[in-house]
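What follows is a set of notes on a single structure, which appears directly below.
The values are calculated or read from the model by the stated rules, or taken from the named source; none is laboratory data. This one's a predicted model, so the numbers in the text were calculated from it and none came from an experiment. Don't worry about glycine lacking a Cβ; one is built from the backbone with ideal geometry, like all the others, and counts go over all protein chains shown.
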Amino acid sequence: MRLSTEVRGDVTVIALEGSLDSRTAPQAQQEIEALFPEEGLVLLDLSGTTYMSSAGLRVLLLIYRRSQNGGARLALTGVPEEVHDIMAATGFLDFFTVAGSVEDGVKALTV
């Protein structure tokens with residue numbers, strides 16, 4: 001799992017690449033939290049995510065909770081179809097704004 005970050009206007013975009021599973025989830029969570037602003041707008045770009053296990057879903061939930069507690073707004077983009085289906089079936093999508101592209105995610109967060 002690799003993470004990269006960029007800032008687009010007022011939005012911090014954190015891109016995840018690779019598998020997010022029980023082996024990589026703890027480190028990914030630490031790295032995301034280190035990049036995550038206390039307040040502000042954050043877009044998690046999952047378009048490079050090749051696999052996500054329940055441990056990866058847990059990371060998303062913990063990041064969501066952190067954003068709620070800290071005053072940040074969070075959205076997802078590039079959610080792979082398989083992950084999207086699992087998130088829909090488990091109710092996870094109810095927690096997130098999901099956009100089809102980084103540009104759409106930035107727009108959704110800044111309105």
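Please indicate, with yes or no, whether at least one residue in segment 73-89 is in contact with a Ser or Thr (Cβ under 7 Å, 6 or more places away or on another chain) and of a type in the set (Ser, Thr, Tyr).
Yes, segment 73-89 contains at least one residue that is in contact with a Ser or Thr (Cβ under 7 Å, 6 or more places away or on another chain) and of a type in the set (Ser, Thr, Tyr).
If the Cβ limit is 9 Å and pairs must be 6+ apart or interchain, which residue in segment 78-97 that is surrounded by fewer than 19 Cβ atoms within 10 Å (Cβ to Cβ) pairs with which residue that is aromatic (Phe, Trp, Tyr) and modelled with pLDDT under 90?
Ile86/Phe92
Taking only segment 6-50 into account, find how many residues are over 14 Å from Leu76 (Cα atoms), under 12 Å from the mean Cα position of the chain (by Cα) and among the polar types (S, T, N, Q).
Summing the residues that are over 14 Å from Leu76 (Cα atoms), under 12 Å from the mean Cα position of the chain (by Cα) and among the polar types (S, T, N, Q) in segment 6-50 gives 1.
Could you identify the single residue in Glu82, Glu38 that is closer than 21 Å to Gly9 by Cβ and modelled with pLDDT under 95?
Details: Glu82 fails: closer than 21 Å to Gly9 by Cβ.
So the residue among Glu82, Glu38 that is closer than 21 Å to Gly9 by Cβ and modelled with pLDDT under 95 is Glu38.
What's the number of the condition Gly100 fails, among (1) without any contact (Cβ under 8 Å) to a residue 12 or more places away in the chain; (2) closer than 16 Å to Ile14 by Cα?
Just one mismatch for Gly100, condition (1).
For segment 16-54, which positions are crowded, with 17+ Cβ neighbours inside 10 Å and hydrophobic (A, V, I, L, M, F, W, C)?
Leu16, Leu20, Ala25, Ala28, Ile32, Phe36, Leu41, Val42, Leu43, Leu44, Leu46, Met52 - these are the residues of segment 16-54 that are crowded, with 17+ Cβ neighbours inside 10 Å and hydrophobic (A, V, I, L, M, F, W, C).
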